[in-house]
1. Would you grab the residues whose amide H sits under 5 Å from the one on residue 83? Only those 5+ places off in sequence or on another chain, please, with H modelled 1.01 Å from N.
2. What residues from region 49-80 fall in the zone where the backbone N is under 13 Å from a label point 7 Å along the Cα-to-C-beta line of residue 157?
3. With each label point set 7 Å from Cα along the Cα-Cβ vector, what nm distance links residue 63 and residue 75?
4. Once phi is turned into ³J(HN,Hα) by the Karplus curve 6.51 cos²θ - 1.76 cosθ + 1.60 with θ = phi - 60°, what whole-Hz value does each residue of region 269-278 show in order, with x for glycine and proline?
5. Measuring from a point 7 Å past the Cα of residue 312 along Cα-to-C-beta, which residues in region 127-170 have an amide N at less than 12 Å?
6. Residue 284 to residue 109: FRET efficiency via 1/(1 + (r/R0)^6), r the Cβ-Cβ distance, R0 30 Å, to the nearest 0.05?
7. How compact is region 154-300 by the rule of thumb for globular proteins, expressed as Cα Rg over 2.2 N^0.38 Å?
8. Roughly how far apart, in whole Å, are the Cα centres of region 235-295 and region 184-203?
Amino acid sequence: MNGKGFARPATAGQYFGFALLAIALLTCFASAAAAATTGGAGLPGAAPSPKGSPPGAPSSAPDAGALTLVSAQTTPRKSFYFGYRYPQLSFTIGSSQPQNDLQVEVVNSLGEAVKVFFLEDASPDVEYKIRWDGTTGEGRPAGNGRYSFRIGPQGPAAPVARKATSSTTLSLAFSFYGYSFPILGSHDYGSGGSGFGAARSGHTHQGQDVMAACGTTLVAARGGRIQTSTWDDAAGNYVVIDGKGTQNDFMYAHLAEPSPLHEGELVRTGQPIGIVGTTGSSTACHLHFEIWSSPGWYEGGSPFDPLPYLQKWDAYS
């Protein structure tokens, strides 16, 4: 039994309402603004992102001409770790020679390279694409912040390629975050009784209530694997996600309808998981959100106050 009296059920229930939820999700995501907010996340069941580009290996005898950038475009401008759309650079070089060994770096706001990709024998006036999966050269998730792609010839202290002409427009910078705020719409954090640790009859509140209009789209704050997607008399329709690259589980309760996602399925950061409701033991439209420490939700872990994290995600989402 958790802080709102939610009991982990032995069996799944309430399989109705999927058509209504699908219509609501399609309506909520009709606008480009919503897609931009979630890093271009698709609807549940949409094809996942292509994998990140392989890093390649440096040439044993690197060679390149005098390089310029004829074009460079990064999309999307905001991305999330394990999101639906990885940051992708599309670029074309100019060069004084027909074949060029290049290195493309992902650099942070301090100018430090967190990931390096190597290309051999790149030709001028041919478009190349590099897709970054959000991991560092050591394979760890990169931190939140502003990043940029940097293109140049291979080799130590090699000069960075500059734009070909004064009128050339380059788009190399983007924002990258590990988490997405879970509500796509107007919201507030309620009264003192909405917070973690608030008194309840016989127990304390083990999550944070975020007030929002019923029908507002909910997305995964962190992608991962669906651990549970079912019904409980207290929680109503709810979903638990085992967060990718973390030791935490994330619980979303009182969904208006059963989530279209099922136990064992993968979900991406920013991907829709349902809509705000007031099912179960609830008196107003809101999301009840919990974060559980390792080893996880009702697996020996403990819930902790999610409000500081929600406020942080809210500030940039």
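Rule-based calculations on the coordinates, nothing more; no lab input. Quantities reported herein were computed from a predicted structural model and do not represent experimental measurements. Here the Cβ positions follow ideal geometry from the backbone for every residue, glycine too, while neighbour counts run over all protein chains shown.
1. Residues meeting the criterion, in which the H sits 1.01 Å from N, are 269.
2. Hits in region 49-80 for residue 157 at 13 Å: none.
3. Simple spin-label model gives 3.6 nm for this pair.
4. After applying 6.51 cos²θ - 1.76 cosθ + 1.60, I find 4, x, 7, x, 10, x, 9, 4, x, 8 Hz.
5. Counting only backbone N, you get 143-145.
6. Result of the calculation: an efficiency of 0.15.
7. This ratio for region 154-300 stands at 1.37.
8. Their Cα centres are 16 Å away from one another.
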